[in-house]
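> Structure below; questions to follow.
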Amino acid sequence: MAPKRKANKAPATEDNPPPPHLQPGSQVEMSSNDKGFRGSWYTGTVIRRAAQSSRNNPSAANNYLVEYHELLNKSATKPLRETLNSGDLRPLAPRESSRKFKFGEWVDAYNKDGWWEGYITEELDNGNFHVYFKGSKEQLEFREDQLRLHREWVNSSWVPPLEEGDEQVKEKVPAEEAAEANLQEHDDKAARKDGNLGCGSSQAPSKSK
């Protein structure tokens with residue numbers, strides 16, 4: 001189970017600005033100490049520094065308003081927004097495009113719209129893996145492309161780092177996926193239109209008798 005994270009004590013100021021991954025519009029992964037969510041990371045976007053009252057609560061200077069990519073609010077009509085401390089935010093974790101996982105390896109498995117920490121207990125004959133999660137005390141089956149090596153964000157670096165020569169998967173954010181979907185839809189419509197025009201020009205109009 002992932003340990004609870006401590007809030008940052010050094011507030012971000014004009015002389016000590018927030019790191020790049022905490023700038024508005026940055027894509028991040030967000031952790032929670034809430035029961036049932038420890039050991040998980042969800043992707044989202046930094047909206048802005050949260051309103052603060054550092055005189056009464058110095059740690060509030062490190063709070064950020066973030067919007068989840070996958071989780072919705074209580075009415076299930078809009079993406080969920082929360083105010084989180086910078087200690088619970090990190091850049092999108094790297095993931096190799098091709099990796100051979102093995103028994104006993106600590107991994108993050110994509111489940112329930114987030115990445116959950118567990119370890120591999122078995123490699124199955126179909127090429128999938130059983131992963132055990134200590135928090136929920138359950139074992140689930142995952143494909144290789146649903147796993148990534150578990151890494152921690154420590155002192156602005158990933159531990160363990162990507163090995164030299166490893167090709168990293170570029171994770172797509174919802175805005176990029178929507179743009180690609182719109183582009184594909186536009187291309188499909190254009191192709192259908194061109195096809196209809198082609199059919200019309202290749203056939204001579206019939207004459208009425």
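> Of all residues being assigned to a loop (DSSP other than H, G, I, E, B) and open to solvent by less than 40 Å² (accessible area, probe 1.4 Å) in the range 122-147, which is nearest to Leu89 (Cα to Cα)? Just the residue, please.
Once the filter is applied, the top-ranked residue is Asn128.
> (1) assigned to a loop (DSSP other than H, G, I, E, B); (2) assigned by the TED database to the domain that holds Met30; (3) modelled with pLDDT of 95 or more: which one isn't true of Ser75, the others all being true?
The single condition Ser75 does not satisfy is (3).
> Turning to a different aspect of this structure: When the range 28-47 is examined, which residues are found to be modelled with pLDDT under 95 and surrounded by fewer than 20 Cβ atoms within 10 Å (Cβ to Cβ)?
Ser32, Asn33, Asp34, Lys35, Gly36, Phe37, Arg38
> Based on what the data block shows, is Leu80 within 21 Å of the chain's Cα centre (by Cα), farther than 24 Å from Pro17 by Cβ and either without any contact (Cβ under 8 Å) to a residue 40 or more places away in the chain or assigned to a loop (DSSP other than H, G, I, E, B) (or both)?
Yes, satisfied.
> Restricting to the range 96-121, name every residue that is farther than 14 Å from Thr43 by Cα and in a loop (DSSP other than H, G, I, E, B).
Ser97, Ser98, Arg99, Lys100, Phe101, Lys102, Phe103, Gly104, Glu105
The values are calculated or read from the model by the stated rules, or taken from the named source; none is laboratory data. Since this is a predicted model, take the numbers as computed values, not measurements. Every residue, glycine among them, receives a Cβ derived from its backbone with ideal geometry; neighbour counts consider all protein chains shown. The accessibility values were calculated without ligands, DNA or RNA, using every heavy atom of the protein model including side chains. Shrake-Rupley method; radii C 1.70, N 1.55, O 1.52, S 1.80 Å.
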